[in-house]
Amino acid sequence: MPDHRASLPDRRRLEATRIYYPGEAGHSIHIQVGFYDDGRPGEVFLTGGGVHGTGMEMTLKDLGVLLSHMFQRGILPQYLATRVGREANLPTPSGRPASVIGAILDEIVAMLEEKEAA
């Protein structure tokens, strides 16, 4: 299968945000997203999640690599966010994310929507 990865420019815009999972009392997770010149996300760096060197921190770093590779191959965060698990017992149609992965994707999607609205 051919690799259709779109290379990122050497210099690119980077935006950062932070979430707490689960909720305000949860782990602080720092999200950095690098963008192509056309505004598409192309890379993700994730840090935090507790004590340095823990399983959560390593999982976040690995997730950043996987999301970056997906974005560089044209798989958008909006698509991924609709495919991850959601808590079904909430009154909203999609519910809250059932895992930290969904929470991170939701934050990236919100970041993109905020840019489009500006």
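The values are calculated or read from the model by the stated rules, or taken from the named source; none is laboratory data. Predicted model, so just to flag it, every value in this text is computed and none were measured. Quick reminder, even Gly has a Cβ in these numbers, built from the backbone with ideal geometry, and neighbours come from all protein chains shown.
Consider only pairs whose beta carbons are under 6 Å apart and that are at least six residues apart or on different chains; among these, list those whose first residue lies in the range 57-81 and is farther than 13 Å from residue 105 by Cβ and whose second residue is in a helix (DSSP H, G or I) and among the aromatic types (Phe, Trp, Tyr).
Here the result reads none, with nothing in the range 57-81 linked to a residue that is in a helix (DSSP H, G or I) and among the aromatic types (Phe, Trp, Tyr).
When the range 1-27 is examined, which residues are found to be among the aliphatic types (A, V, I, L, M) and at pLDDT 85 or above?
The answer is 8, 14, 16, 19.
Considering 17, 59, which residue is over 20 Å from residue 113 (Cβ atoms) and either surrounded by fewer than 17 Cβ atoms within 10 Å (Cβ to Cβ) or of a type in the set (Gly, Ala, Ser) (or both)?
Every option except 59 fails the conditions.
Within the group 84, 33, 44, which residue is surrounded by 15 or more Cβ atoms within 10 Å (Cβ to Cβ) and part of a loop (DSSP other than H, G, I, E, B)?
On the way: 33 fails: part of a loop (DSSP other than H, G, I, E, B); 44 fails: part of a loop (DSSP other than H, G, I, E, B).
The match here is 84.
Within the range 35-47, can you find the residues that are in contact with a helix residue (DSSP H, G or I) (Cβ under 8 Å, 6 or more places away or on another chain) and touching a residue at least 24 places away in the same chain (Cβ under 8 Å)?
Residues satisfying the conditions are 39, 40, 41, 42, 43, 44, 46.
Does residue 97 count as surrounded by fewer than 17 Cβ atoms within 10 Å (Cβ to Cβ), within 20 Å of residue 112 (Cα to Cα), modelled with pLDDT under 90 and out of contact with any strand residue (DSSP E or B) (no Cβ under 6 Å at 6 or more places or on another chain)?
Here the answer is no, as residue 97 does not meet what is asked.
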